[in-house]
Amino acid sequence: MTGTEECGNCAEDSCSAKVKQAGEREQDYQDRQQLAGRMCKIKHKIIVMSGKGGVGKSTVAVNLAVSLSMKGHRVGLLDVDIHGPSVPTLLNLEDRQIQGNGDALTPIDFSEKLKVMSIGFMLQKRDDAVIWRGPMKHNVIKQFLKDVEWGDLDYLIIDSPPGTGDEPMAVCQFVEDADGAIIVTMPQEVALMDVRKSITFCQQLKMKVLGVIENMSGFSCPKCGEILEMFPSGGASNMAMQMGVPFLGQIPMDPYVASACDDGTPYVTRHADSLTTAAFMSAIKTVLNGDNSDEVVNDNSIYNNEREVKIMRIAIPIAEGKLAMHFGHCEQFALIDVEIDEKKIVGSVTETPPPHEPGVLPKWLSEKGANVIIAGGMGSRAQNLFTEQSIEVVVGASADSPEQIVKAYMDGTLEAGENVCDH
Ligand code: ADP
């Protein structure tokens, strides 16, 4: 294709690849057209990021891609983590060679519905170090994105290089119409500091943050499968709430995840009925629900083989990150999803309510799937309107963080004082 030809995929006048930008070199314009031609055949593009390496970003990317393909979607998994391309190992594809077709690279079929391409396939030997200088890294990422011939896909999951440097920036800039980024972190404060930077980085690049996943949160006992808290967890959900981005859930540290990674078998297929798989599925349900397929999971419950995981959604009016006493005029609502049996927070999102009008909030929160509202105070008329929408009302809570309130409510230790605001 030359710079003056159209890519042939569509007749969209609005396509940015139709117009050469002022001062753009001919080669850059051709590359941009080629990239646009490949990307516009892909319905959804999701970038998996992390503030630093080793937090489980590739593990999440692989299991997300496999889960989507198991739902019947056509999926591509692209590993552009140029310093530690681990997808070939995670899927036991290390010995595979990539086939070229003219300018194009043909991805490897992992299964009928899942195609895989990794920068690791380019390395001669498994343990070769990848030493590329700055501009080379940028070009390698661009070349990879534009040369891989995926064909038509429902989803492309991109395993990005970690951090907030030039490499993830190149990924975000080249995949300019991505649905957004999932950011993976661990519960420790050092990892959370990095993830704050990743969120700010996305905001600066106008990349939507689809949500934060806290990996290696708690420990899944290999004997009984129960999930035990090892260190204080929940830091990521608090941080996500403070930064106004969705929290997608926690995945425990599970020795079987590590062994599945080492063996090259996706964890979610090998241990389909474990609590850890349920946690993976819960964490990615927002992505799955983004599709209109009949097969997607329900709003308030997810099913995983025989196991049914019951989720309850608790609404809390908030101002400056704490419960707001005047619920009818609050700035925002925290909507927190709790796994009922485990009493564990598995997701949260902050939403701005519609302008205040009598009766509008109960209806709005019902549409948002809330089962309970916890407030500082509420008039009896409003309480009746919530009850009519089948939303349980708890009043008299104090101005703590939504997370503390939900934990206390689930443990049965929430101290409900006076109904402080009766209007
Ligand atoms: P990253 O892509 O962030 O560098 P990886 O996905 O490669 O991280 O994971 C790093 C290591 O941690 C791998 O050995 C993987 O098996 C292990 N790992 C990731 N998530 C879990 C988990 N939930 N439980 C146990 N081990 C995990």
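The values are calculated or read from the model by the stated rules, or taken from the named source; none is laboratory data. Note that the structure is a prediction, hence the values are computed from the model and not measured. Please note: Cβ atoms are built from the backbone with ideal geometry, for glycine as well, and neighbour counts cover all protein chains shown. Quick note on the areas: whole protein, heavy atoms, side chains included, nothing else; ligands and nucleic acids left out. Shrake-Rupley method; radii C 1.70, N 1.55, O 1.52, S 1.80 Å.
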>> What is the percent carbon and sulfur in the accessible area of the chain, measuring with a 1.4 Å probe over the protein chains and ignoring ligands?
In response: 47 percent
> Under a point-charge model restricted to the Cβ atoms of Lys and Arg (+1) and Asp and Glu (-1), what is the dipole moment magnitude of the range 313-411 relative to its Cα centre, in debye to the nearest 20?
Replying inline: 180 debye
> Which residues' amide hydrogens lie under 5 Å from the amide hydrogen of M230, considering only partners 5 or more residues apart or on another chain, with H built in the peptide plane?
Replying inline: G218, F219
> To the nearest 0.05, what FRET efficiency results for I98 and E367 with a Förster distance of 60 Å applied to their C-beta separation?
Replying inline: 0.80
> Roughly how many Å² is the accessible area per residue of the range 313-411, as a whole number, for a 1.4 Å probe?
Replying inline: 43 Å²
> Between L385, L275, L114, which gets the highest mean-square fluctuation from a Gaussian network model of the chain, Cα cutoff 10 Å?
Replying inline: L385
>> With only alpha-carbon atoms in the gyration tensor, what are the semi-axes of the equivalent ellipsoid for the range 313-411, in Å, largest first?
In response: 19, 14, 13
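Looking at the chain only, what percent of DSSP beta bridges run antiparallel? Nearest 5 please.
45 percent
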> What FRET efficiency would be calculated for the residue pair D273, T352, taking the C-beta separation as r and a Förster radius of 51 Å, to the nearest 0.05?
Replying inline: 0.85
> In the range 39-164, how many lysine pairs have Cα atoms under 18 Å apart, counting only pairs 8 or more places apart or on different chains?
Replying inline: 19
> Stokes-Einstein at 37 °C, 0.692 mPa s, Kirkwood radius from Cα pairs: D for the range 17-59 in µm² s⁻¹?
Replying inline: 250 µm²/s
> Relative contact order for the range 27-106: what is it in percent, counting Cα pairs under 8 Å that are at least 6 residues apart?
Replying inline: 15 percent
>> With unit charges on the beta carbons (Lys and Arg positive, Asp and Glu negative) and the dipole taken about the Cα centre of the chain, which residue among I108, V338, P353 sits farthest to the positive side?
In response: I108
> Could you give the length gained on full extension between Y256 and R381, defined as 0.36 nm per residue of separation minus the Cα-Cα distance, in nm?
Replying inline: 39.8 nm
>> Debye calculation, C-alpha points only, no solvent: report log10 I(q)/I(0) for the chain at q = 0.13 Å⁻¹, in the same order as the q values.
In response: -1.12
> Of L35, T59, T286, whose Cα points farthest to the positive end of the dipole of the chain (charges on the beta-carbon: +1 Lys, Arg; -1 Asp, Glu; origin at the Cα centre)?
Replying inline: L35
> Expressed as a rounded percentage, what relative contact order does the chain have, with Cα pairs under 8 Å and six or more residues apart?
Replying inline: 13 percent
> What are the lysines whose alpha-carbon lies under 22 Å from the alpha-carbon of K368, with same-chain residues fewer than 8 places away excluded?
Replying inline: K208, K285, K310, K322, K343, K344, K407
